[in-house]
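Participant: Let me begin by handing over the structure; questions about it come next.
The values are calculated or read from the model by the stated rules, or taken from the named source; none is laboratory data. All figures in this text were calculated on a predicted structure; none of them were measured in a lab. Please note: Cβ atoms are built from the backbone with ideal geometry, for glycine as well, and neighbour counts cover all protein chains shown. For accessibility, only protein heavy atoms count, side chains too; no ligands or nucleic acids. Shrake-Rupley method; radii C 1.70, N 1.55, O 1.52, S 1.80 Å.
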Amino acid sequence: MITLFKVAMNENAGKSVSDVLQSGFIGQGPRVEEFEQALRDRLGHPHLVTVNSATSGLHLALHMAAKTRPTPADATAEVLTTPLTCTATNWPILANGLRIRWVDIDPTTLNIDIDDLARKISPRTRAIMVVHWAGYPVDLDRLADVLEEAEQRLGFRPAVIEDCAHAWGATFQGLPLGRHGNIAVYSFQAIKHLTSGDGGLVVFPDQQSADRARLLRWFGIDRTRSDSFRCAEDIPEYGFKFHMNDINAAIGLANLGDVDGHVARHRENAAYFDTHLQGVPGVTLLDRKPDRESAAWLYTLLAERRSDFIARLAARNIAASPVHQRNDVHGCVSEYGASLPMLDSVADRIVSIPCGWWVTNAEREHIVDVIREGW
Ligand SMILES: *Cc1c(COP(=O)(O)O)cnc(C)c1O
(Lines give C-alpha, C1' and ligand atoms only; values in the text may rest on other atoms or scores of the structure.)
Protein backbone atom coordinates (compact mmCIF):
# COMPACT_ATOMS: atom_id res chain seq x y z
CA MET A 1 0.00 0.00 0.00
CA ILE A 2 1.28 3.50 -0.83
CA THR A 3 0.41 5.21 2.43
CA LEU A 4 -0.85 8.71 3.06
CA PHE A 5 1.40 9.19 6.08
CA LYS A 6 4.72 7.91 7.30
CA VAL A 7 6.71 8.76 10.41
CA ALA A 8 9.96 10.52 9.43
CA MET A 9 12.38 9.31 12.11
CA ASN A 10 16.12 9.81 11.79
CA GLU A 11 18.12 6.69 12.70
CA ASN A 12 20.07 8.64 15.35
CA ALA A 13 16.96 9.58 17.30
CA GLY A 14 17.19 6.43 19.43
CA LYS A 15 20.73 7.23 20.52
CA SER A 16 19.79 10.84 21.32
CA VAL A 17 16.83 9.72 23.40
CA SER A 18 18.93 7.10 25.15
CA ASP A 19 21.47 9.79 26.09
CA VAL A 20 18.69 11.86 27.64
CA LEU A 21 17.24 8.85 29.46
CA GLN A 22 20.61 8.04 31.03
CA SER A 23 21.48 11.66 31.83
CA GLY A 24 19.50 11.77 35.06
CA PHE A 25 17.34 14.63 33.78
CA ILE A 26 14.43 13.95 31.45
CA GLY A 27 12.19 16.98 32.08
CA GLN A 28 12.39 20.39 30.43
CA GLY A 29 16.09 21.15 30.33
CA PRO A 30 19.06 21.74 28.02
CA ARG A 31 17.70 19.78 25.05
CA VAL A 32 14.53 21.90 25.02
CA GLU A 33 16.70 25.05 25.04
CA GLU A 34 18.77 23.65 22.19
CA PHE A 35 15.68 22.69 20.17
CA GLU A 36 14.18 26.15 20.65
CA GLN A 37 17.41 27.80 19.52
CA ALA A 38 17.47 25.59 16.43
CA LEU A 39 13.85 26.51 15.69
CA ARG A 40 14.64 30.23 16.10
CA ASP A 41 17.43 29.83 13.58
CA ARG A 42 15.14 27.97 11.19
CA LEU A 43 12.31 30.48 11.32
CA GLY A 44 14.61 33.50 11.58
CA HIS A 45 12.53 34.74 14.49
CA PRO A 46 13.36 34.94 18.21
CA HIS A 47 9.98 34.91 19.97
CA LEU A 48 8.88 31.31 20.31
CA VAL A 49 8.21 28.64 22.93
CA THR A 50 7.90 24.88 22.57
CA VAL A 51 4.97 23.04 24.15
CA ASN A 52 3.91 19.38 24.44
CA SER A 53 1.49 19.48 21.47
CA ALA A 54 -0.02 21.90 19.00
CA THR A 55 -3.34 21.36 20.76
CA SER A 56 -1.76 22.70 23.97
CA GLY A 57 -0.21 25.51 21.95
CA LEU A 58 -3.57 26.49 20.47
CA HIS A 59 -5.15 26.33 23.91
CA LEU A 60 -2.41 28.54 25.35
CA ALA A 61 -2.55 30.98 22.44
CA LEU A 62 -6.32 31.37 22.81
CA HIS A 63 -6.06 31.71 26.56
CA MET A 64 -3.53 34.51 26.13
CA ALA A 65 -5.28 36.24 23.23
CA ALA A 66 -8.66 36.14 24.96
CA LYS A 67 -7.28 37.78 28.06
CA THR A 68 -5.39 40.67 26.52
CA ARG A 69 -8.44 42.79 25.74
CA PRO A 70 -11.46 43.52 27.89
CA THR A 71 -14.64 42.80 25.93
CA PRO A 72 -18.35 42.78 26.60
CA ALA A 73 -19.72 40.02 28.82
CA ASP A 74 -17.67 36.85 28.48
CA ALA A 75 -20.71 34.75 27.64
CA THR A 76 -20.87 36.33 24.19
CA ALA A 77 -17.17 36.27 23.40
CA GLU A 78 -16.58 34.31 20.23
CA VAL A 79 -13.82 33.03 18.01
CA LEU A 80 -14.12 33.06 14.24
CA THR A 81 -12.78 29.82 12.81
CA THR A 82 -12.80 27.36 9.96
CA PRO A 83 -14.80 24.14 10.25
CA LEU A 84 -12.51 22.32 7.84
CA THR A 85 -9.64 21.20 10.04
CA CYS A 86 -8.55 18.80 12.75
CA THR A 87 -10.74 18.98 15.86
CA ALA A 88 -7.55 20.13 17.63
CA THR A 89 -8.01 23.58 16.10
CA ASN A 90 -11.48 24.12 17.44
CA TRP A 91 -11.98 22.20 20.67
CA PRO A 92 -9.54 24.53 22.51
CA ILE A 93 -12.04 27.34 21.80
CA LEU A 94 -14.64 25.40 23.79
CA ALA A 95 -12.09 24.48 26.46
CA ASN A 96 -11.40 28.21 26.95
CA GLY A 97 -15.09 28.89 27.50
CA LEU A 98 -15.42 30.80 24.24
CA ARG A 99 -18.10 30.47 21.58
CA ILE A 100 -17.43 29.25 18.07
CA ARG A 101 -18.57 31.22 15.03
CA TRP A 102 -17.98 29.23 11.87
CA VAL A 103 -16.62 30.97 8.81
CA ASP A 104 -17.08 29.43 5.36
CA ILE A 105 -14.15 28.18 3.33
CA ASP A 106 -12.76 29.15 -0.04
CA PRO A 107 -13.51 26.11 -2.20
CA THR A 108 -10.51 26.82 -4.46
CA THR A 109 -7.97 26.39 -1.61
CA LEU A 110 -10.00 24.87 1.28
CA ASN A 111 -8.63 27.68 3.48
CA ILE A 112 -10.89 30.07 5.37
CA ASP A 113 -12.90 32.45 3.16
CA ILE A 114 -11.56 35.91 3.94
CA ASP A 115 -14.67 37.72 2.64
CA ASP A 116 -16.95 35.71 4.91
CA LEU A 117 -14.48 36.29 7.75
CA ALA A 118 -14.54 40.06 7.19
CA ARG A 119 -18.36 40.04 7.30
CA LYS A 120 -18.39 38.16 10.61
CA ILE A 121 -15.92 40.26 12.62
CA SER A 122 -17.91 42.02 15.35
CA PRO A 123 -17.43 43.51 18.82
CA ARG A 124 -17.85 39.94 20.13
CA THR A 125 -14.81 38.67 18.23
CA ARG A 126 -12.02 37.70 20.60
CA ALA A 127 -9.80 35.88 18.18
CA ILE A 128 -9.59 34.47 14.66
CA MET A 129 -8.26 30.99 13.89
CA VAL A 130 -6.99 30.20 10.42
CA VAL A 131 -5.57 26.91 9.15
CA HIS A 132 -3.10 26.59 6.29
CA TRP A 133 -4.82 23.55 4.76
CA ALA A 134 -2.38 20.92 3.49
CA GLY A 135 0.37 23.46 4.14
CA TYR A 136 -0.88 25.98 1.56
CA PRO A 137 -0.73 29.44 3.15
CA VAL A 138 -3.82 31.52 3.75
CA ASP A 139 -3.62 34.93 2.03
CA LEU A 140 -2.04 36.71 5.01
CA ASP A 141 -1.87 39.99 3.10
CA ARG A 142 -5.63 40.18 2.61
CA LEU A 143 -6.11 39.00 6.18
CA ALA A 144 -3.97 41.90 7.42
CA ASP A 145 -6.11 44.33 5.39
CA VAL A 146 -9.28 42.91 6.91
CA LEU A 147 -7.82 43.34 10.40
CA GLU A 148 -6.81 46.90 9.62
CA GLU A 149 -10.34 47.63 8.45
CA ALA A 150 -11.82 45.97 11.56
CA GLU A 151 -9.58 48.06 13.78
CA GLN A 152 -10.80 51.27 12.15
CA ARG A 153 -14.42 50.17 12.33
CA LEU A 154 -14.48 48.62 15.82
CA GLY A 155 -11.57 50.24 17.62
CA PHE A 156 -9.69 46.99 18.28
CA ARG A 157 -7.77 44.39 16.38
CA PRO A 158 -8.77 40.75 17.04
CA ALA A 159 -5.83 38.42 17.61
CA VAL A 160 -5.14 36.00 14.77
CA ILE A 161 -3.91 32.49 15.53
CA GLU A 162 -2.51 30.60 12.57
CA ASP A 163 -2.73 26.82 12.86
CA CYS A 164 0.44 25.81 11.02
CA ALA A 165 0.18 22.10 11.92
CA HIS A 166 0.25 21.11 8.22
CA ALA A 167 2.66 23.81 7.23
CA TRP A 168 6.24 23.32 8.43
CA GLY A 169 8.41 24.74 5.63
CA ALA A 170 5.68 26.83 3.97
CA THR A 171 6.38 30.45 3.10
CA PHE A 172 4.18 33.45 2.33
CA GLN A 173 5.86 36.23 0.34
CA GLY A 174 9.20 34.63 1.05
CA LEU A 175 8.89 34.42 4.84
CA PRO A 176 8.19 31.32 6.96
CA LEU A 177 4.79 31.24 8.64
CA GLY A 178 4.99 32.82 12.07
CA ARG A 179 6.62 35.97 10.75
CA HIS A 180 3.53 37.83 9.59
CA GLY A 181 2.54 39.54 12.82
CA ASN A 182 0.18 36.87 14.20
CA ILE A 183 0.49 34.01 16.68
CA ALA A 184 1.44 30.84 14.81
CA VAL A 185 1.26 27.29 16.15
CA TYR A 186 3.18 24.35 14.67
CA SER A 187 2.72 20.66 15.47
CA PHE A 188 5.52 18.11 15.92
CA GLN A 189 3.06 15.23 16.27
CA ALA A 190 4.04 11.78 14.94
CA ILE A 191 3.03 12.19 11.29
CA LYS A 192 3.72 15.87 10.74
CA HIS A 193 6.67 17.02 8.58
CA LEU A 194 8.86 17.47 11.65
CA THR A 195 8.14 15.15 14.56
CA SER A 196 9.36 15.15 18.15
CA GLY A 197 7.10 12.19 18.98
CA ASP A 198 4.58 14.68 20.21
CA GLY A 199 5.18 18.38 20.56
CA GLY A 200 4.28 21.83 19.41
CA LEU A 201 5.60 25.32 18.92
CA VAL A 202 3.99 28.70 19.49
CA VAL A 203 5.50 31.66 17.64
CA PHE A 204 4.64 35.14 18.88
CA PRO A 205 5.00 38.52 17.21
CA ASP A 206 6.64 40.06 20.30
CA GLN A 207 9.02 39.28 23.15
CA GLN A 208 6.51 40.13 25.87
CA SER A 209 4.01 37.48 24.77
CA ALA A 210 6.72 34.85 24.40
CA ASP A 211 7.96 35.62 27.92
CA ARG A 212 4.42 35.31 29.27
CA ALA A 213 3.92 32.00 27.43
CA ARG A 214 7.19 30.67 28.86
CA LEU A 215 5.70 31.09 32.33
CA LEU A 216 2.19 29.90 31.48
CA ARG A 217 3.36 26.67 29.87
CA TRP A 218 4.60 25.54 33.30
CA PHE A 219 2.07 26.54 35.97
CA GLY A 220 3.03 30.23 35.76
CA ILE A 221 6.37 29.53 37.42
CA ASP A 222 9.66 31.02 36.21
CA ARG A 223 11.94 27.99 35.86
CA THR A 224 15.00 30.20 35.48
CA ARG A 225 14.68 31.49 39.04
CA SER A 226 16.78 29.62 41.54
CA ASP A 227 13.90 29.39 44.03
CA SER A 228 11.36 28.04 41.53
CA PHE A 229 11.93 24.41 42.51
CA ARG A 230 11.65 25.22 46.21
CA CYS A 231 8.17 26.67 45.62
CA ALA A 232 9.27 29.94 47.25
CA GLU A 233 8.13 32.10 44.38
CA ASP A 234 4.75 33.86 44.09
CA ILE A 235 2.66 32.94 41.04
CA PRO A 236 0.93 36.10 39.83
CA GLU A 237 -0.82 34.38 36.89
CA TYR A 238 -1.80 30.72 36.82
CA GLY A 239 -0.57 28.55 34.00
CA PHE A 240 -0.74 25.04 32.58
CA LYS A 241 1.42 21.94 32.27
CA PHE A 242 2.12 22.34 28.57
CA HIS A 243 5.93 22.35 28.47
CA MET A 244 8.03 20.10 26.23
CA ASN A 245 10.52 17.70 27.85
CA ASP A 246 14.09 16.78 26.86
CA ILE A 247 13.03 13.37 25.52
CA ASN A 248 10.77 14.94 22.91
CA ALA A 249 13.23 17.75 22.21
CA ALA A 250 15.97 15.17 21.52
CA ILE A 251 13.73 13.48 18.94
CA GLY A 252 12.89 16.82 17.33
CA LEU A 253 16.56 17.79 17.14
CA ALA A 254 17.47 14.44 15.58
CA ASN A 255 14.85 14.94 12.85
CA LEU A 256 15.53 18.59 12.12
CA GLY A 257 18.32 17.83 9.66
CA ASP A 258 16.04 15.76 7.42
CA VAL A 259 13.00 17.97 7.24
CA ASP A 260 14.04 20.29 4.39
CA GLY A 261 14.77 17.33 2.13
CA HIS A 262 11.46 15.74 3.00
CA VAL A 263 9.45 18.91 2.39
CA ALA A 264 11.23 19.35 -0.96
CA ARG A 265 10.19 15.85 -2.00
CA HIS A 266 6.56 16.47 -0.95
CA ARG A 267 6.63 19.58 -3.14
CA GLU A 268 8.11 17.74 -6.11
CA ASN A 269 5.40 15.11 -5.91
CA ALA A 270 2.71 17.77 -5.53
CA ALA A 271 4.04 19.63 -8.58
CA TYR A 272 3.98 16.36 -10.53
CA PHE A 273 0.31 15.84 -9.63
CA ASP A 274 -0.50 19.49 -10.47
CA THR A 275 0.82 18.85 -13.97
CA HIS A 276 -0.36 15.32 -14.63
CA LEU A 277 -3.83 15.42 -13.05
CA GLN A 278 -4.74 18.65 -14.83
CA GLY A 279 -7.92 18.21 -16.86
CA VAL A 280 -8.64 14.65 -15.70
CA PRO A 281 -12.45 14.13 -15.75
CA GLY A 282 -14.01 14.02 -12.28
CA VAL A 283 -11.03 15.73 -10.65
CA THR A 284 -10.75 19.38 -9.62
CA LEU A 285 -7.35 20.62 -8.50
CA LEU A 286 -6.83 23.37 -5.93
CA ASP A 287 -5.54 26.86 -6.78
CA ARG A 288 -1.87 27.69 -6.39
CA LYS A 289 -0.46 31.25 -6.39
CA PRO A 290 3.17 32.25 -6.99
CA ASP A 291 3.44 34.49 -3.89
CA ARG A 292 3.46 31.53 -1.49
CA GLU A 293 5.03 28.11 -1.22
CA SER A 294 3.00 25.23 0.15
CA ALA A 295 4.51 22.75 2.58
CA ALA A 296 2.58 20.12 0.58
CA TRP A 297 2.06 18.00 3.66
CA LEU A 298 -1.05 16.69 1.94
CA TYR A 299 -2.03 16.63 -1.70
CA THR A 300 -5.74 17.37 -1.63
CA LEU A 301 -8.04 17.41 -4.63
CA LEU A 302 -11.79 17.30 -5.23
CA ALA A 303 -13.03 13.99 -6.63
CA GLU A 304 -16.53 13.21 -7.88
CA ARG A 305 -18.08 10.14 -6.21
CA ARG A 306 -15.42 10.16 -3.52
CA SER A 307 -16.15 6.80 -1.95
CA ASP A 308 -15.80 5.10 -5.35
CA PHE A 309 -12.56 7.04 -5.90
CA ILE A 310 -11.15 5.90 -2.54
CA ALA A 311 -12.24 2.29 -3.16
CA ARG A 312 -10.67 2.23 -6.64
CA LEU A 313 -7.37 3.59 -5.34
CA ALA A 314 -7.40 1.13 -2.42
CA ALA A 315 -7.90 -1.73 -4.89
CA ARG A 316 -4.72 -0.55 -6.62
CA ASN A 317 -2.78 -0.27 -3.34
CA ILE A 318 -3.06 3.48 -2.94
CA ALA A 319 -4.36 5.02 0.29
CA ALA A 320 -6.67 8.03 0.00
CA SER A 321 -8.72 9.81 2.62
CA PRO A 322 -10.55 13.05 3.45
CA VAL A 323 -8.09 13.24 6.43
CA HIS A 324 -10.20 15.72 8.43
CA GLN A 325 -13.98 15.67 8.78
CA ARG A 326 -15.74 19.06 8.89
CA ASN A 327 -15.96 20.00 12.59
CA ASP A 328 -19.35 21.72 12.53
CA VAL A 329 -21.30 18.44 12.33
CA HIS A 330 -20.39 17.15 15.80
CA GLY A 331 -22.82 17.05 18.70
CA CYS A 332 -20.59 19.11 20.99
CA VAL A 333 -20.91 22.14 18.66
CA SER A 334 -24.54 21.72 17.63
CA GLU A 335 -25.48 25.10 19.11
CA TYR A 336 -23.16 26.92 16.69
CA GLY A 337 -24.80 25.72 13.48
CA ALA A 338 -24.22 28.07 10.55
CA SER A 339 -24.96 28.21 6.87
CA LEU A 340 -21.74 27.29 5.04
CA PRO A 341 -22.70 26.97 1.37
CA MET A 342 -19.15 26.87 0.01
CA LEU A 343 -18.09 24.09 2.35
CA ASP A 344 -21.33 22.25 1.52
CA SER A 345 -20.47 22.51 -2.18
CA VAL A 346 -17.15 20.64 -1.80
CA ALA A 347 -17.28 18.68 1.48
CA ASP A 348 -18.15 15.32 -0.03
CA ARG A 349 -15.44 15.60 -2.73
CA ILE A 350 -12.43 16.47 -0.56
CA VAL A 351 -9.79 13.75 -0.65
CA SER A 352 -6.02 13.53 -0.23
CA ILE A 353 -3.67 11.19 -2.09
CA PRO A 354 -0.11 10.16 -1.12
CA CYS A 355 2.51 12.81 -1.97
CA GLY A 356 5.07 12.27 0.80
CA TRP A 357 8.84 11.81 0.70
CA TRP A 358 8.32 8.04 0.62
CA VAL A 359 6.40 8.17 -2.69
CA THR A 360 8.77 7.14 -5.50
CA ASN A 361 8.62 8.33 -9.10
CA ALA A 362 7.22 4.94 -10.16
CA GLU A 363 4.57 5.17 -7.44
CA ARG A 364 3.43 8.66 -8.36
CA GLU A 365 3.16 7.57 -11.99
CA HIS A 366 1.06 4.61 -10.85
CA ILE A 367 -1.19 6.98 -8.85
CA VAL A 368 -1.71 9.23 -11.88
CA ASP A 369 -2.38 6.21 -14.16
CA VAL A 370 -4.99 4.81 -11.78
CA ILE A 371 -6.80 8.15 -11.47
CA ARG A 372 -6.68 8.71 -15.24
CA GLU A 373 -8.24 5.30 -15.83
CA GLY A 374 -11.33 6.58 -13.99
CA TRP A 375 -13.37 5.11 -11.13
C1 LIG B 1 -2.15 17.61 13.82
C2 LIG B 1 -2.99 18.84 13.87
C3 LIG B 1 -3.19 19.56 15.07
C4 LIG B 1 -2.84 19.03 16.40
O5 LIG B 1 -1.51 18.83 16.60
P6 LIG B 1 -1.03 18.04 17.91
O7 LIG B 1 0.42 18.37 17.97
O8 LIG B 1 -1.31 16.60 17.65
O9 LIG B 1 -1.77 18.56 19.06
C10 LIG B 1 -3.85 20.77 15.00
N11 LIG B 1 -4.34 21.24 13.84
C12 LIG B 1 -4.21 20.58 12.69
C13 LIG B 1 -4.76 21.18 11.44
C14 LIG B 1 -3.55 19.34 12.66
O15 LIG B 1 -3.43 18.66 11.51
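Participant: Go through region 153-162 and count every residue that is touching a residue at least 12 places away in the same chain (Cβ under 8 Å), closer than 18 Å to residue 205 by Cα and open to solvent by 10 Å² or more (accessible area, probe 1.4 Å).
Facilitator: Of the residues in region 153-162, 2 are touching a residue at least 12 places away in the same chain (Cβ under 8 Å), closer than 18 Å to residue 205 by Cα and open to solvent by 10 Å² or more (accessible area, probe 1.4 Å).
Participant: Also, quick follow-up: Buried (at least 21 other Cβ atoms within 10 Å of the Cβ) and free of Cβ contacts under 8 Å to residues at least 60 places away in the same chain: does that describe residue 105?
Facilitator: Numbers: buried (at least 21 other Cβ atoms within 10 Å of the Cβ): yes; free of Cβ contacts under 8 Å to residues at least 60 places away in the same chain: no.
For residue 105, the condition - buried (at least 21 other Cβ atoms within 10 Å of the Cβ) and free of Cβ contacts under 8 Å to residues at least 60 places away in the same chain - is not met.
Participant: Looking at region 83-101, I want the residues that are of a type outside the set (Gly, Ala, Ser) and have a partner that is within 10 Å of the ligand (Cβ to nearest atom) with Cβ atoms under 6 Å, at least 6 apart or on another chain. Which pairs are those?
Facilitator: What qualifies is 85/131; 85/324; 86/324; 89/129; 89/131; 89/163; 92/58; 92/59.
Participant: Quick one: would you say residue 150 is crowded, with 24+ Cβ neighbours inside 10 Å and either assigned to a helix (DSSP H, G or I) or within 16 Å of the ligand (Cβ to nearest atom) (or both)?
Facilitator: Working: crowded, with 24+ Cβ neighbours inside 10 Å: no; either assigned to a helix (DSSP H, G or I) or within 16 Å of the ligand (Cβ to nearest atom) (or both): yes.
No, not satisfied.
Participant: Also: Given the options 127, 190, 184, name the one that is open to solvent by 20 Å² or more (accessible area, probe 1.4 Å), aliphatic (A, V, I, L, M) and within 16 Å of the ligand (Cβ to nearest atom). Step through it out loud before you land on a result.
Facilitator: On the way: 127 fails: open to solvent by 20 Å² or more (accessible area, probe 1.4 Å); 184 fails: open to solvent by 20 Å² or more (accessible area, probe 1.4 Å).
So the residue among 127, 190, 184 that is open to solvent by 20 Å² or more (accessible area, probe 1.4 Å), aliphatic (A, V, I, L, M) and within 16 Å of the ligand (Cβ to nearest atom) is 190.
Participant: Follow-up question, since we're still on this one. If you check 261, 257, 252, 169, which single one turns out to be in a loop (DSSP other than H, G, I, E, B), modelled with pLDDT of 95 or more and not aliphatic (A, V, I, L, M)? Reasoning before the result, please.
Facilitator: Details: 261 fails: in a loop (DSSP other than H, G, I, E, B); 257 fails: in a loop (DSSP other than H, G, I, E, B); 252 fails: in a loop (DSSP other than H, G, I, E, B).
169 is the lone residue from the list that is in a loop (DSSP other than H, G, I, E, B), modelled with pLDDT of 95 or more and not aliphatic (A, V, I, L, M).
Participant: Could you list all residues from region 92-102 that are open to solvent by 10 Å² or more (accessible area, probe 1.4 Å) and near the ligand (Cβ under 10 Å from one of its atoms)?
Facilitator: Hits for region 92-102: nothing passes.
Participant: Could you please give the count of residues in region 30-68 that are open to solvent by 50 Å² or more (accessible area, probe 1.4 Å) and modelled with pLDDT under 95?
Facilitator: 2
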